[in-house]
1. Has region 129-146 got at least one residue that is within 18 Å of residue 90 (Cα to Cα), surrounded by fewer than 22 Cβ atoms within 10 Å (Cβ to Cβ) and of a type in the set (Gly, Ala, Ser)?
2. Name, by its number, the condition in (1) more than 12 Å from the chain's Cα centre (by Cα); (2) not assigned by TED's automatic domain parsing to the domain that holds residue 29 that does not hold for residue 106.
3. Can you tell me how many residues within region 62-78 are closer than 11 Å to residue 105 by Cα and outside any loop (DSSP other than H, G, I, E, B)?
4. Going through region 101-110 one residue at a time, which ones are of a type in the set (S, T, N, Q) and not in a loop (DSSP other than H, G, I, E, B)?
5. Please indicate, with yes or no, whether at least one residue in region 44-53 is part of a strand (DSSP E or B), surrounded by fewer than 14 Cβ atoms within 10 Å (Cβ to Cβ), outside the structural domain of residue 127 (by TED's automatic domain parsing) and hydrophobic (A, V, I, L, M, F, W, C).
6. When region 128-151 is examined, which residues are found to be aliphatic (A, V, I, L, M) and not in a loop (DSSP other than H, G, I, E, B)?
7. What's the total number of residues in region 152-189 that are of a type outside the set (D, E, K, R) and not in a loop (DSSP other than H, G, I, E, B)?
8. Go through region 111-122 and give me each residue that's more than 12 Å from the chain's Cα centre (by Cα) and part of a loop (DSSP other than H, G, I, E, B).
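The values are calculated or read from the model by the stated rules, or taken from the named source; none is laboratory data. As the structure is a computational prediction, the values presented were derived from the model and not from experiment. Heads up, the Cβs are rebuilt from the backbone with ideal geometry, glycines too, and the neighbour counts pull from every protein chain shown.
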Amino acid sequence: MTPFFNKAFILETTAPLLINMTEHQCFENIAFNASEADDEYHNCTFIGCDFSNRTILNTVFEKCTFRTCNLALSKWKNALREVTFTDCKLTGVDLTEISKFSGDLTFVNSLLDYCNLTGTKLRRSRFSDCQIYEGYFDEADLSLSVFERCNLERSSFFKANLEKADFSSAFNFSINPDTCRIKKTIFSEYGLRGLVAHLDIEIK
């Protein structure tokens, strides 16, 4: 007996997957709606756009720049590769579910209070002149990352990988060497205070 095949089903399942990709475009003052987003953005610039209180699903941003954007309380479940955030508001941003293929992120003069990067793998990321009050970097891989002139007051690095990271100009941080990987991590002489804050001792 000749086996029965549903030709319509075969055609549907073997059809190529169509990906909506946007390249080399600039978006200004747009309220971003995740349901209307393209699948991938490459070398795009977002200026003054509103991503606040949104969940970003399955959208890849690669070599993109965000300037003066509002990303407060947004949640990202996608890939961010070689992305730069400049003068942005990222208060309460949640990056805990971004793709494992994300990395090389840059944050410049941005507000990241209460950000959640727990468990993320963001090697070689750079934070410059950022306010990061009570940020959560627990169990994150931040090896080879740089915290340049950042205020890290009350931020948590429990079980984080900070190997070869640079904290030499960061301030107000508290890092427990017993619970973090800090091999060849760079600290200034002044910043060494942040490594003994958990001991409840006075340094004069």
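1. There is no residue in region 129-146 that is within 18 Å of residue 90 (Cα to Cα), surrounded by fewer than 22 Cβ atoms within 10 Å (Cβ to Cβ) and of a type in the set (Gly, Ala, Ser).
2. (1)
3. Here is the first cut: in region 62-78, the residues closer than 11 Å to residue 105 by Cα are 62-65.
Subset that is outside any loop (DSSP other than H, G, I, E, B): 62, 65.
Residues flagged as closer than 11 Å to residue 105 by Cα and outside any loop (DSSP other than H, G, I, E, B) within region 62-78 amount to 2.
4. Step one: of region 101-110, the residues of a type in the set (S, T, N, Q) are 102, 106, 109-110.
106 - this is the single residue of region 101-110 that is of a type in the set (S, T, N, Q) and not in a loop (DSSP other than H, G, I, E, B).
5. So in region 44-53, the residues part of a strand (DSSP E or B) come out as 45-47, 50.
Remaining after also requiring surrounded by fewer than 14 Cβ atoms within 10 Å (Cβ to Cβ): none.
For region 44-53, residues part of a strand (DSSP E or B), surrounded by fewer than 14 Cβ atoms within 10 Å (Cβ to Cβ), outside the structural domain of residue 127 (by TED's automatic domain parsing) and hydrophobic (A, V, I, L, M, F, W, C): absent.
6. Selection gives 146 alone.
7. Going through region 152-189 one residue at a time, the tally reaches 4.
8. First, the residues of region 111-122 that are more than 12 Å from the chain's Cα centre (by Cα): 111, 113-114.
113, 114 - these are the residues of region 111-122 that are more than 12 Å from the chain's Cα centre (by Cα) and part of a loop (DSSP other than H, G, I, E, B).
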